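The values are calculated or read from the model by the stated rules, or taken from the named source; none is laboratory data. Every value quoted in this text rests on a predicted model; they were computed, and no experiment measured them. As a convention, Cβ positions derive from the backbone with ideal geometry for all residues, glycine included, and neighbour counts pool all protein chains shown. Ligands, DNA and RNA are stripped out before the accessible areas are found, and what is left, the full protein with its side chains, is counted by its heavy atoms. Shrake-Rupley method; radii C 1.70, N 1.55, O 1.52, S 1.80 Å.
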Amino acid sequence: MQRYLVRRMIQMIPVLLGVSLAVFLMLHALPVDPVRMLAMETTTGTAPTTEVSEEVYNNLRRQLGLDRPLPEQFVRFVWKALHGDLGKSFRNNRAVGEMLHEQLPWTVRLTFAGLGVSLLLGITLGVAAGLRPNSWLDTTSMAVAMFGVSMPIFWLGLMLIYVFSLWLNLLPSVGTGPESIILPAVALGFHASAIIARLTRSSLLEVMESEYVRTARAKGLVDRAVVLHHALKNALIPVITVVGLQFGALLSGAVVTETVFARPGVGRLAVQGIIERDFPLVQGFVLLAGVSYAFSNLLVDLVYAVIDPRIRYER
Amino acid sequence: MSASRGESNGAPATAAAMAEGLRAAGHESSRMRSRGRLMVRRFAANRGAVAGAVVLLILILAALFAPYLTTYRYDRISPLRAYAPPGRDNLFGADRFGRDVFARVLYGGRISLQVGLIATAVGAGIGVPVGLVAGTVGGKVEDLLMRIVDIMLAFPGLLLAIGIVAVLGTGLTNLMIAVGIGSVPGFARLVRGSVLSARENEYVLAARAIGCREWTTMWRHILPNVMAPIIVLATLSVANAILSGSTLNFLGMGAKPPSPEWGIMLADGRDTLARAWWMSVFPGLAIMITTLSINFIGDGLRQAFDPRMKIQ
């Protein structure tokens, strides 16, 4: 297990370097010169019309370290990022790391709540469909799953607000109270639940054919006991792998959900950043998302290896 | 992902067998035609897929013939009819500027279908050659290409597209490019995997044996045999692009407000949800019905080509 852990950690390094290289290059791939833009912003406010003097431009360029050779800039970027320094926002001159840190707990809470909803809903639908293949329950569950992948998160969010907040007046649509997370979590989780439902169904169908399930049946166990104690345990193993992928989907879904429900969070911050062309903020967010996705996948792989020892010996 | 269907069994020992293998790989052979018929029959037997195809056809026609289906223009402002509920004059109601929501939904279909098609063309246009080259050439080229794909995959879901929009700047064209590039990794990986399993087939060996060059083998013999999963992925990717495109538009990263794009309409209706539900319900329904019908078609195609095919 330890060797697997070490090997898996080493595999992370090129991924993380690649992610930071991509994020670093973002600023250099821009069709506009960020320095000129920033200089205009700081000297003339929001209406950049006049040219910036060469002196101001060069000073700013040096200040941002953009006059150095690219490889040096990249090393600096990684070094600083490792210390939590993600540069300063173009808009309000605050440290990007600090801004993200402030908003992160909201997004983490929402993502995990969404993950909970998607697992609960997805496994329920998948088991319901897989137990009686080709029954009406199967067809209905899979239709619900199909709706899940085809429905835009933001629209589902709006409809939930309309029905549960405006019409029935049951749950708050906006705000930061504890029950305000319910609707966003459902909107976010429904989409991800579709894939989990489909996977649970096919995995359960496969397991139900296996010999140990037949043995369990043969020794006279009732259906429910067979499914709960024998089949489901093994059927859910592949589901764990997609949880890692779903975490990524939830993370990017959180960007939309936060905007719809006007919740605080890093996603909403990033959307503002993109529209206002606040590049350091966007860079910081994309880096954060990429790195946390990589770590969530690492975690899922490790959990997988603990549950299923065969994984550790592969390759 | 199993597109590997050996056209002939056993090693091609004679030149005749090789020639047979080559002919079978071409799309003119009778066996291919009957397989085509089989696929059409399988697709037609799938009720969901046929329903999806019919609905999509109606949606496409509605978008194309929008000027004949409504006398309203999507950008005509009539303040007197602001917030008019659905009724005889405005089938889907009117928005806060008195613009007809039905007309806007119809014209919006043009934008969404365009986003879906162009983004998929960009994704497949880059992803398929990358996967083909990686799978056929192998070695360092393959390593480099697949590492780049891996890095792209490190940004989950919509975040890759969002990052690209951040670099290119907001706007509908950039949005289509961004969504398209976001789908490149899927195509590249699928095609590479299919090529790797297809190239073990006898007809590839036969093509090499009669002296076909690597590129000829790739384009004329391998590509036609890995088309099935590519077509399925492309179909599903149109639905995905429509969904992602409307999401980015909703977030304000694409088309600008007078546009009848569905995501923009939803962003517009969001603030007046309590007062005018129709501003949000109809464009959202339009997005859902469009993506749903395409997803059903993709599912039907997948089952028609090869019931065991696994995509995503």
Review point. Once Rh is set to the Kirkwood radius over Cα pairs, what Stokes-Einstein translational diffusion coefficient, in µm²/s, holds for the protein assembly as shown at a temperature of 37 °C and a viscosity of 0.692 mPa s?
Key: 123 µm²/s
Review point. For segment A:103-276, what D do you get in µm² per second when you plug the Kirkwood radius from alpha-carbon pairs into Stokes-Einstein at 4 °C and 1.567 mPa s?
Key: 75 µm²/s
Exercise for review: Obtain the nm distance between the two label points defined at residue A:2 and residue A:182 by a simple spin-label model: each point lies 7 Å from its Cα along the Cα-to-C-beta direction.
Suggested key: 4.9 nm
Practice item. Pop out the carbon and sulfur fraction of the accessible area of the protein assembly as shown as a percent, whole number, probe 1.4 Å. Key: 64 percent
Revision key, fill the gap. Using alpha-carbon positions, the gyration tensor of segment A:122-166 gives root eigenvalues a ≥ b ≥ c; with a/c under 1.5 called rounded, otherwise prolate if a/b exceeds b/c, else oblate, the class is prolate
Exercise for review: Run down the lysines and flag those whose C-alpha is under 30 Å from the C-alpha of residue B:140, throwing out any fewer than 8 positions away in its chain.
Suggested key: B:310
Check your understanding: Within chain B, which DSSP H helices have Cα atoms that stretch 27 Å or more along the helix axis and a mean Kyte-Doolittle hydropathy of at least -1.0?
Key -> B:101-137, B:227-250, B:278-305
Check your understanding: So, counting K/R as plus one and D/E as minus one, what does the shell of residues with Cβ under 12 Å around residue A:162 add up to?
Key -> +2
Exercise for review: Taking all protein chains together and a probe of 1.4 Å, list B:42, B:99 from the most accessible to the least accessible.
Suggested key: B:42, B:99
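I need the calculated FRET efficiency for the pair residue B:50 and residue B:97, taking r as the beta carbon distance and R₀ as 45 Å, to the nearest 0.05.
0.70
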Review point. What is the sum of charges around residue A:125, taking Lys and Arg as +1, Asp and Glu as -1, for the other residues whose C-beta is under 15 Å from the C-beta of residue A:125?
Key: +2
**Study point:** segment A:103-276, relative contact order in percent, only Cα pairs under 8 angstrom and at least six apart counted
**Key:** 34 percent
Point to revise | lysines whose Cα lies under 21 Å from that of residue A:233, excluding same-chain neighbours fewer than 8 positions away | key: A:219
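Compute the relative contact order of chain A as a whole-number percentage, counting only Cα pairs closer than 8 Å that sit 6 or more residues apart in sequence.
24 percent
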Review point. Using a 1.4 Å probe, what is the accessible area per residue for the protein assembly as shown, in Å²?
Key: 48 Å²
Check your understanding: Roughly how much of residue A:301 is accessible, in Å² to the nearest 10, using a 1.4 Å probe?
Key -> 40 Å²
Exercise for review: On the full set of protein chains, 1.4 Å probe, figure out the accessible area of residue A:101 and give it in Å² to the nearest 10.
Suggested key: 140 Å²
Exercise for review: For residue B:80 paired with residue A:95, estimate the spin-label separation in nm (one decimal), with each label point 7 Å from Cα along the Cα-to-Cβ line.
Suggested key: 6.2 nm
Review point. Between residue A:171 and residue A:30, what length in nm is gained on full extension when 0.36 nm per residue of separation is reduced by their alpha carbon distance?
Key: 46.5 nm
**Study point:** 10 Å Cβ neighbours from other chains, averaged over peptide B:140-150
**Key:** 1
**Study point:** Area buried, chain B against chain A - accessible surface, total, 1.4 angstrom probe, square angstrom
**Key:** 3400 Å²
Review point. With labels modelled as points extended 7 Å from the Cα through the Cβ direction, what inter-label distance (nm, one decimal) is found for residue A:10 paired with residue A:218?
Key: 4.6 nm
Check your understanding: Name the residues of segment B:232-250 whose accessible area falls by at least 20 Å² when all protein chains are present instead of the chain alone, probe 1.4 Å?
Key -> B:243, B:247, B:250
Check your understanding: Once you average over the residues of A:260-271, how many Cβ atoms of partner chains fall within 10 Å of each Cβ?
Key -> 2
Study note, to complete from the structure: Per 5 angstrom bin, beginning at 0 and ending with the bin that holds the maximum distance, the Cα pairs of segment B:46-305 fall in percents of 1, 6, 12, 14, 15, 13, 11, 9, 6, 5, 3, 2, 1, 1, 0, 0
Revision key, fill the gap. Total charge of the residues flanking residue B:96 in space, meaning their Cβ is under 11 Å from its Cβ, with Lys and Arg +1 and Asp and Glu -1, is 0
